[in-house]
Amino acid sequence: MRATKGERLRAERVSAAVDQLLVNPDAQPKYLDPQDVALLSTVRSLAQLPLAFGAVDPAFKDRVMRCVETQASGVSDQRKSGLRPVWAAVAVAVVIFVVISVTPWGQTALASFMAVFDLGRTQVRITPADVPSGISSTAQIQGATLQQDMTLESAKAEVPFAMLVPSYLPAGYRLERVTGYTYPDLPAWIPQPFSAELLYSANDGKEVSMRMYPIRLGAGEQASLISAMNLEAASIQGVQDVDVNGQPGVVLRLGPAGAKAIWHEVVWEQDDLILAISTADLSQIELLRMARSVR
Amino acid sequence: MGRADDYAELYREYLPRILSYVRLRVDDEDLAQDLTALVFERAVLKQHTLRRPEAFAAWLFRIARNTVAEHYRSWRPTMPLESAAEQTTSTPSPPEAVMNREQVDRVRAVLLKLSEREQELIRLKFGAGLSNQEIAAVMRLKAGHVAVILYRALRKLRSWLEEE
């Protein structure tokens with residue numbers, strides 16, 4: 001409905017009064033039409049709503065601002081290097097090649113990276129009860145890997161810690177696979193499988209995985225503190241502190257060095273376990289919602 | 001166009017207003033904080049799209065609106081109803097500090113009777129404390145039109161609150 005000139009004038013005056021009351025709730029705005037004076041009590045009630053939710057938690061404010069400052073420096077660095085993208089890419093490639101092939105540090109880093117693909121570990125694959133499988137529940141040797149398919153219940157019985165599961169899953173996701181990891185290099189007195197992974201997938205191929213490690217980070221007073229995590233890895237592009245079920249945690253933005261982050265991982269402590277949920281297919285909000293539902 | 005770190009102070013200044021706006025859109029403090037953090041993460045990444053520094057508020061609140069809208073589009077609750085109910089009731093109720101729970105619920109319930117555009121305008125005005133010009137830029141309206149929509153919304157709210 002089109003406003004008349006008179007209504008527009010009254011609306012402007014009420015708007016001015018609203019702005020005045022938002023700055024000073026005790027103000028007594030003037031020049032209002034007598035019929036509109038009654039609106040002031042409604043305005044005062046609405047102005048109280050934000051106050052009713054309480055002040056911003058200083059810890060939250062610090063966390064966001066740290067994130068802003070960290071990302072801002074990263075973004076400006078990226079933008080600077082993006083001025084001449086082709087030359088920058090060539091220069092980076094040459095530097096990486098020289099560093100990897102010539103320096104001891106580079107060779108160590110390359111060796112560490114390659115070790116990810118060859119951990120010398122024994123993989124125990126476990127299939128949930130509702131997933132049909134033609135493979136028997138007995139262990140099979142395939143090259144250097146021991147694979148063992150079993151039900152989720154059997155997996156719970158086998159791993160040496162209480163397995164946790166998320167009670168919230170994004171729409172369309174279901175448990176696809178449970179995998180236990182046994183590391184033969186560890187001393188015999190360490191119970192195995194040492195860690196476990198739950199893989200959830202959707203019909204469109206999207207995946208999210210949750211891993212559980214019965215380990216403690218750091219030593220002495222730092223023991224088991226999430227702050228003792230190594231956040232210097234080249235693949236970690238951003239870190240944000242978060243709260244997960246009352247425990248400190250971090251959300252990591254991960255991806256190849258110099259490229260846009262590809263996936264998010266939330267890492268936190270719960271029930272003497274280090275838990276990590278990672279995905280390239282969910283928003284950070286969904287990821288945290290899933291983490292906070294883990295029981 | 002400025003660098004993201006040039007805007008650190010502005011981000012600090014706008015953080016409470018963004019959180020306040022988001023709190024009026026979602027009924028969960030943890031979620032409100034997560035979404036607010038996400039708004040700032042996105043803002044920094046999109047800093048280069050801010051062409052006019054004087055449009056900072058409108059630009060930032062557009063990101064906030066889109067972030068919350070995207071959350072609602074993607075959010076599909078699949079947890080059992082019992083768990084959802086438990087989670088809702090276990091959330092602390094900060095509003096009790098200033099307005100009692102009943103008053104807050106009453107005002108929020110009445111707000112929901114407004115059209116989506118009127119609700120958004122009320123959130124931007126009273127949650128974020130934006131001027132009519134800033135709201136106009138966020139919602140892509142004329143400032144004069146914002147005043148009229150606000151005026152009509154306040155009259156409706158006044159009438160509904162009196163009825164109850």
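Label-to-label distance, A:Trp189 versus B:Glu70, with points set 7 angstrom from Cα along the beta-carbon direction: 5.1 nm. Heavy-atom accessible area buried between chains B and A is around 5400 Å² (1.4 Å probe, both sides summed).
So what's the gap between the Cα centers of region A:225-247 and region B:106-164, to the nearest angstrom? One Cα centre to the other: 40 Å.
For region B:97-144, what log10 I(q)/I(0) values come out of the Debye formula at q = 0.16, 0.18, 0.23, 0.32 1/Å, with one point per alpha carbon and no solvent? So the normalised log intensities are -0.51, -0.62, -0.83, -1.13. Taking each residue as 0.36 nm, the span from A:Gln20 to A:Leu231 lengthens on full extension beyond its C-alpha to C-alpha distance by 71.2 nm. Working note: Debye formula, equal point scatterers on the alpha-carbon atoms of region A:3-45, no solvent; log10 I(q)/I(0) at q = 0.14, 0.19, 0.27, 0.32 Å⁻¹ is -0.29, -0.51, -0.95, -1.22.
The A:Gln247 and B:Ala143 beta-carbon pair, evaluated with R₀ = 51 Å, returns a calculated FRET efficiency of approximately 0.60.
Which residues, if any, in region A:1-23 have at least 10 Å² less accessible area in the whole protein complex than in the isolated chain, probe 1.4 Å? Output list: A:Met1, A:Ala3, A:Glu7, A:Arg8, A:Arg10, A:Ala11, A:Glu12, A:Val14, A:Ser15, A:Val18, A:Asp19, A:Leu22.
The values are calculated or read from the model by the stated rules, or taken from the named source; none is laboratory data. What you are looking at is a predicted structure, and each value in this text was computed from that prediction instead of being measured. Cβ coordinates were reconstructed from backbone atoms using ideal geometry, including for glycine residues, and neighbour counts include every protein chain displayed. Keep in mind that these areas ignore ligands, DNA and RNA; they rest on the heavy atoms of the full protein, side chains included. Shrake-Rupley method; radii C 1.70, N 1.55, O 1.52, S 1.80 Å.
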